[in-house]
Structure formats: C-alpha cells, structure tokens
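Have a look at the structure below, then the notes.
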Amino acid sequence: MLNLNTLRKEIEDIDKLIIECLAKRENISTKIGEIKREMGIQIYDSEREKNLNSYYHELSLKFNLDPEFILKIFKLIIKKSRNVQLKN
Ligand SMILES: C=C(O[C@@H]1C=C(C(=O)O)C=C[C@H]1O)C(=O)O
C-alpha cells in the first residue's frame with residue numbers, strides 16, 4: 001500500500017511536469033505567433049510540422065514508446081498551438 005501511494009505520487013509529479021511543459025510551450029507559441037504577425041507570414045507551417053513529426057518519431061523509438069500514440073498526442077498539441085496563435 002505504501003508503495004502504491006508512493007508510485008501514485010510519482011505519477012502526479014510527472015503529470016504536473018507535463019502540464020508545466022505544455023504551459024511553457026503554449027507561451028512560446030504565442031510569442032512565435034506575434035513574430036509571424038509582425039513579419040506578415042502565415043501561422044501554419046507545414047514544413048516545420050513535417051520536421052517535428054520526424055523528430056517525434058525518432059524520439060518515440062529512442063524511448064521505446066509507440067510512435068503512433070506520440071504523434072496523436074502532438075497532433076492535438078500543435079492544433080491547439082495554431083489556434084492559440086490565431087486568437088492572440
Ligand atoms: C509554433 C509554430 O507555429 C505552428 C505551430 C507549430 C507548433 O506548435 O509546433 C509548428 C508549426 C506551425 O504550424 C511555428 O511555426 O514554429
């Protein structure tokens with residue numbers, strides 16, 4: 001029981017880190033959106049997203065995770081990131 005609680009606390013700490021990182025990513029994306037507005041370039045960058053997907057694929061394999069699962073998560077994260085840039 002002690003071990004179960006300890007492990008669950010570890011999961012909560014990890015989830016907090018994930019959420020903190022998502023907040024950091026979103027703030028950076030907002031800044032990128034502002035720069036794009038100043039430069040007059042479009043929010044969506046297909047080339048950048050293609051490169052990121054390869055990067056996620058490589059990292060998934062390196063950490064023994066299912067690339068399909070990781071790509072699904074990042075698809076949601078990046079969709080939200082584009083929307084945040086559009087709304088700021
Ligand atoms: C953040 C950017 O804008 C968009 C969002 C991306 C992201 O969240 O990683 C990547 C490419 C763009 O479609 C960017 O151009 O870097």
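Read the figures in this text as sums done on the coordinates, not as results from a lab. This structure is a prediction, so every number in the text was calculated from the model and none was measured. Cβ coordinates were reconstructed from backbone atoms using ideal geometry, including for glycine residues, and neighbour counts include every protein chain displayed.
Remarks
- Other residues lying with their Cβ under 12 Å from the Cβ of I43 contribute a combined charge of +3, Lys and Arg counting +1, Asp and Glu -1.
- Of the two radii for the chain, the radius of gyration is 1.10 times the Kirkwood radius, both from the alpha carbons; that is the Rg over Rh value.
- Net +/- balance of residues flanking Y55 in space, Cβ distance below 12 Å, scoring K and R +1, D and E -1: +1
- Greater than 21 Å apart at Cα, pairs in K36/K79; K36/K62; K31/K72: K36/K62; K31/K72
- Charge context of M1, other residues only, Cβ under 14 angstrom, K/R +1, D/E -1: +2
- The lysines within cross-link reach of K75, meaning a Cα-to-Cα straight distance under 16 Å and a gap of 8 or more places when in the same chain, are K50.
- Fully extended contour minus Cα-Cα distance, from N5 to S54, at 0.36 nm per residue: 13.9 nm
- Partner aspartates and glutamates for K24 [C-alpha distance under 16 Å; skip if fewer than 8 residues away on the same chain]: D15, E34
- Cα centre as origin, Lys/Arg/Asp/Glu Cβ charges: region 2-87 dipole, Debye: 300 debye
- Computed over the chain: relative contact order in percent, which uses C-alpha pairs under 8 Å that are six or more apart: 39 percent
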